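Contents: one structure, followed by commentary.
The values are calculated or read from the model by the stated rules, or taken from the named source; none is laboratory data. All of these numbers come straight from a predicted model, not from anything done at the bench. Neighbour counts are summed over all protein chains in view; Cβ atoms, including those assigned to glycine, are modelled from backbone coordinates with ideal geometry.
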Amino acid sequence: MKKLLPLFAMLSLFSSLVAADVPTLTPAAAAKLVADGKAVLIDVREPSEWAETGVAAPALLLPKSEFDAGQVGDWKDFLAKVGDKQIILYCRSGRRSGTVAEALAAKGHKAANAGPFEAWKAAGLPTRQPTEPAK
């Protein structure tokens, strides 16, 4: 095990050096970019979370679990059509959205993390139930 510790340290350093640098946006800045047609807002939480708390009014609902499964289903279609718009993501705490934003940026997409959904609500920005269409 002692021989593996230096290897783990090197791998950790390497992964931090190659991780994509993803900006963090305030909810207000994210909302403005979306309203101006320059960005798309994505909620990466799971459907049970959407049903429990609601979602940001303009958000597309694409769970991280589907992204992790190889960008299947709606993720695949979305990424094929997003073009050069910035992809802004949020989740419950900002951690999952940051992870997906980094992965998207590493693949050449313009991505940003808008942090937690609670910050969106606290900013007084519009929300909706997940059964309603994005506004």
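At-a-glance table
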read-out	value
Options Lys76, Lys121; residue that is within 16 Å of Ala29 (Cα to Cα) and over 12 Å from the mean Cα position of the chain (by Cα)	Lys121
Search result, residues across segment 35-82 that are without any contact (Cβ under 8 Å) to a residue 60 or more places away in the chain, among the basic types (Lys, Arg) and part of a loop (DSSP other than H, G, I, E, B)	Lys38
Subset tally (residues that are surrounded by 18 or more Cβ atoms within 10 Å (Cβ to Cβ), under 11 Å from Val40 (Cα atoms) and without any contact (Cβ under 8 Å) to a residue 40 or more places away in the chain) for segment 83-106	0
Complete set of residues in segment 1-57 that are modelled with pLDDT of 50 or more and of a type in the set (Phe, Trp, Tyr)	Trp50
Selection from segment 20-69 of residues that are polar (S, T, N, Q) and surrounded by 18 or more Cβ atoms within 10 Å (Cβ to Cβ)	none
Filter result (over 16 Å from Ala30 (Cβ atoms) and not in a loop (DSSP other than H, G, I, E, B)) within segment 83-95	Arg95
